[in-house]
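One structure is given below, encoded as structure tokens.
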Amino acid sequence: MSPQNFAAGVAMKYVITFRLTTEHYEERISRFLETGAQPPAGVTMLGRWFTLGHDRGFMVAQTDDPTNIFRWVAEWSHLIDFEVHAVLEDHQVAEVLAAQRS
């Protein structure tokens, strides 16, 4: 994906991993039950999964404006530790690799 495409507002996918500590447990649970931890406008959550021990998990989200991902994570960052990674799909990687061979 070229920088020109990104600047034009092409949606990117992000894998967001999170770690839940025992600190702020009650506040985090109450807030999650009240809000569902839904993303802000401009972000589509494609899925969210928790580990069986429910101390870790990950989400896959899509947006054409990465500041929306930052906004979402910032709303919860005092309660949860996050890592955010922009990701590419197989066909996008294959396109880049094929172009390198040419």
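Tilt of helix 66-76 relative to the longest C-alpha principal axis of the chain, in degrees (0 to 90, nearest 10)? For helix 66-76, the angle is close to 10 degrees.
Applying the Karplus relation 6.51 cos²θ - 1.76 cosθ + 1.60 with θ = phi - 60° to segment 41-50 yields 3J(HN,Hα) values of 3, x, 10, 9, 7, 8, x, 9, 9, 10 Hz, where x marks Gly and Pro.
Taking the Cα atoms of the chain, the ratio Rg/Rh between the radius of gyration and the Kirkwood radius comes to 1.06. Taking amide H atoms as placed 1.01 Å from N in the peptide plane, the amide H of L20 lies under 5 Å from those of R56, each 5 or more residues away in sequence or on another chain. Each other residue within a Cβ distance under 13 Å of H78 adds +1 if Lys or Arg and -1 if Asp or Glu, for a net charge of -2.
Read-outs throughout are calculated quantities, based only on the coordinates presented, and are distinct from any laboratory measurement. This structure is a prediction, so every number in the text was calculated from the model and none was measured. Backbone-built Cβ (ideal geometry, glycine too); neighbour counts: all protein chains shown.
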